[in-house]
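Trainee: I have a structure I would like to understand better, so I am pasting it below and will then ask my questions one at a time.
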Amino acid sequence: MTSSPRYLDYCATTPCDPDVVQSMLPYFTEHFGNAASRDHNFGWLALDAVEIAREQIAHLIQAASKEIVFTSGATESINLALKGLVDASESSTNHIITSKVEHQAVLDTCAYLEKKGYSITYLDVDEYGLISLEALEDAIQEKTLCIALMYGNNETGVLNPVREIGHIARKYGVCFFCDATQAVGKVDVNVNEAEIDLMSFSAHKMYGPKGVGALFVRRNLPMSKISRQQHGGDHERGSRSGTLNVPGIVGFGKAAEICSKKMRAESAFLQHLRDTLETMLLSKIPSACINGGKNRLPHITNVLFPSVDAELLLLATSKHLALSRGSACSGITQKPSHVLQGMGLTDELARNAIRISLGRFTKEEDIMYAVEILSNAVSAMEIKNKDIRSVLIGNTID
């Protein structure tokens, strides 16, 4: 068995699908026009390519193409959605409901809005990472503007009951913003069935290029009206100024088209790989446990090794496996996972969990290899920790 590194951090980013790369290449050289150049063929060709991609992406989430606004990625989409919604709203609606386990981009944006005087309710989650729908409904006030809850968690894969959330939002005339970055392209996302009004997602999480994302904005719905957050032109029908990243958008569209065709089969295969991985890990490492309930995204597992520091474990296995402790967007400083803390884990236990995320190019042999490397490393570290504790206890007794 080869010892070459295996990439199992697909939640951080995905490799571009080769067909995506091929679709982008002409738009760097032959068809390099600016999509906003309306006076010649170079601009028309670029604009046509952008609109085809817009249709491909809209089809993936069952939206209309005019409801897709291109951005630089999910983080910008989140900022545009929440800040833009707030700026466009009446002063009497100054309350947002979110949860304690959202992506840092949502939490940081909400913290910014709090400093501006907006009221934010942070819902608790249970031990499985789920909010209470009753608590959500109880939190809604007359001044509530928006419910901001993710589709699937980026650290545990836990899926929110989005249809029920959307129904509650619609019942009370509140906007439902959903960060679906880890879900789009992995599971069926239908913005109409889930009654989602605003939704962020990104190309590089679904085998497209980095630096391009989208915000779904439901049309003809007053509660989802947003104000632009950067100025300098009327690009994207006035929602987002700036020259469009045509090659990136073309790649995003191609990635969406591929996901539309492959997603269901891929999802079933990834769930099979994930379940196999979890079963084998729990068999070989009896102390391990899986964070999150059964209803999770098919490609994510979050594994807790109670007596093993995750940072040391990742260092010990880094020559063989690419894994992570959680979000790649939490900055350089390593802190206990706020997601796992929100689920009731202590700081120490939250530091002892790793995220393993699978993808299109993961093979069965990668899973077997990962189990072997992890089980050997954890066993060695548990023995070492046991010996250290024995010495410490002995010294205490002496």
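Trainee: Do we find a residue being touching a Lys or Arg at 6+ places or on another chain (Cβ under 6 Å), among the small types (Gly, Ala, Ser) and either crowded, with 17+ Cβ neighbours inside 10 Å or not assigned by TED's automatic domain parsing to the domain that holds residue 181 (or both) anywhere in region 278-297?
Mentor: no
Trainee: What's the number of the only condition in (1) free of Cβ contacts under 8 Å to residues at least 60 places away in the same chain; (2) hydrophobic (A, V, I, L, M, F, W, C); (3) out of contact with any strand residue (DSSP E or B) (no Cβ under 7 Å at 6 or more places or on another chain) that residue 178 fails to meet?
Mentor: For residue 178, the exception is condition (3).
Trainee: Considering each residue of region 154-192, count those that are farther than 21 Å from residue 222 by Cβ and assigned to a loop (DSSP other than H, G, I, E, B), and give that number.
Mentor: 15
Trainee: Just one of (1) in contact (Cβ under 8 Å) with a residue 24 or more places away in the chain; (2) in contact with a helix residue (DSSP H, G or I) (Cβ under 6 Å, 6 or more places away or on another chain) trips up residue 241, so point out which.
Mentor: The number of the failed condition is (1).
Trainee: While we're looking at this one, here's another question. What about residue 36, is it more than 21 Å from the chain's Cα centre (by Cα), part of a helix (DSSP H, G or I) and touching a residue at least 60 places away in the same chain (Cβ under 8 Å)?
Mentor: So residue 36 does not fit the description; no.
Trainee: Tell me, which helices (runs of 4 or more DSSP H) lie completely within region 245-342 with 2 or more residues that are closer than 30 Å to residue 45 by Cα and not hydrophobic (A, V, I, L, M, F, W, C)?
Mentor: Those helices (runs of 4 or more DSSP H) span 246-284.
Trainee: OK, next. For region 2-17, state whether one or more residues are outside any loop (DSSP other than H, G, I, E, B), out of contact with any strand residue (DSSP E or B) (no Cβ under 6 Å at 6 or more places or on another chain) and more than 28 Å from residue 192 (Cβ to Cβ).
Mentor: Taking every residue of region 2-17 in turn, none turns out to be outside any loop (DSSP other than H, G, I, E, B), out of contact with any strand residue (DSSP E or B) (no Cβ under 6 Å at 6 or more places or on another chain) and more than 28 Å from residue 192 (Cβ to Cβ).
Trainee: In the set 162, 158, 212, which member is crowded, with 16+ Cβ neighbours inside 10 Å, modelled with pLDDT of 95 or more and touching a Leu at 6+ places or on another chain (Cβ under 7 Å)?
Mentor: One residue alone meets the criteria, 158.
Trainee: Only one residue in 61, 52, 57 is aliphatic (A, V, I, L, M) and surrounded by fewer than 20 Cβ atoms within 10 Å (Cβ to Cβ). Which one?
Mentor: Of 61, 52, 57, the one residue that is aliphatic (A, V, I, L, M) and surrounded by fewer than 20 Cβ atoms within 10 Å (Cβ to Cβ) is 52.
Trainee: Also, quick follow-up: Six or more apart or on different chains, Cβ under 7 Å: which pairs go from a residue in region 281-305 that's among the small types (Gly, Ala, Ser) to one that's at pLDDT 95 or above and outside any loop (DSSP other than H, G, I, E, B)? Could you list them?
Mentor: Here the result reads 288/281; 288/282; 288/303; 288/304; 292/158; 292/302; 293/158, each pair linking region 281-305 to a residue that is at pLDDT 95 or above and outside any loop (DSSP other than H, G, I, E, B).
Trainee: Would region 100-112 turn up any residue that is farther than 29 Å from residue 340 by Cα and either in contact with a Phe, Trp or Tyr (Cβ under 7 Å, 6 or more places away or on another chain) or in contact (Cβ under 8 Å) with a residue 60 or more places away in the chain (or both)?
Mentor: no
The values are calculated or read from the model by the stated rules, or taken from the named source; none is laboratory data. Predicted, not measured: the structure shown is a model, and the values here were computed from it. Neighbour counts run over all protein chains shown; Cβ positions are idealised from the backbone, glycine included.
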